[in-house]
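Asks: Mind having a look at this structure? Questions to follow.
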Amino acid sequence: MLDRLTSETLRLNISLQDLNAVRRSIDKAANRRSSSTVIGALIVGAAIISTGQQTPQLQLIGNIFFAVASLLGLWLVVTILRSGGRGRSE
């Protein structure tokens with residue numbers, strides 16, 4: 001075996017079982033992470049707008065950002081709870 005290893009003729013035969021389920025699980029986790037990052041950015045953006053000069057237009061934009069972020073956050077929590085909460089494949 002050492003001779004094969006040193007002469008680079010050693011071959012490995014690896015069979016991976018159910019690799020698609022792992023890929024789907026990683027995809028779900030990545031999608032949830034990116035969604036939560038966008039929602040967090042909306043909240044931070046709305047907070048920055050709210051602390052600046054208080055014109056009626058900026059208050060409206062800040063309130064819209066908070067409303068959108070709240071709805072998206074609620075939707076994300078509901079989808080996580082509906083799927084079992086632990087990234088279980090559907």
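The values are calculated or read from the model by the stated rules, or taken from the named source; none is laboratory data. Quick caveat, the model's predicted, so the values are computed rather than measured. Cβ: placed from backbone, ideal geometry, glycine included. Neighbour counts: every protein chain shown.
Asks: For the range 7-35, give me the residue count where each residue is more than 11 Å from the chain's Cα centre (by Cα) and farther than 16 Å from SER83 by Cα.
Replies: Selection size over the range 7-35: 15.
Let's see how each residue does on (1) modelled with pLDDT of 80 or more; (2) of a type in the set (Ser, Thr, Tyr):
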| residue | (1), (2) |
| --- | --- |
| ARG11 | no, no |
| GLN17 | no, no |
| ALA21 | yes, no |
| ILE26 | yes, no |
| SER36 | yes, yes |
| ALA46 | yes, no |
| GLN53 | no, no |
| PHE66 | yes, no |
| TRP75 | yes, no |
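Asks: Report whether or not ARG11 is assigned to a helix (DSSP H, G or I) and out of contact with any His (no Cβ under 8 Å at 6 or more places or on another chain).
Replies: The answer is no for ARG11.
Asks: Select, from ILE48, ILE61, the only residue that is exposed (fewer than 12 other Cβ atoms within 10 Å of the Cβ) and part of a helix (DSSP H, G or I).
Replies: That would be ILE48, the only listed residue that is exposed (fewer than 12 other Cβ atoms within 10 Å of the Cβ) and part of a helix (DSSP H, G or I).
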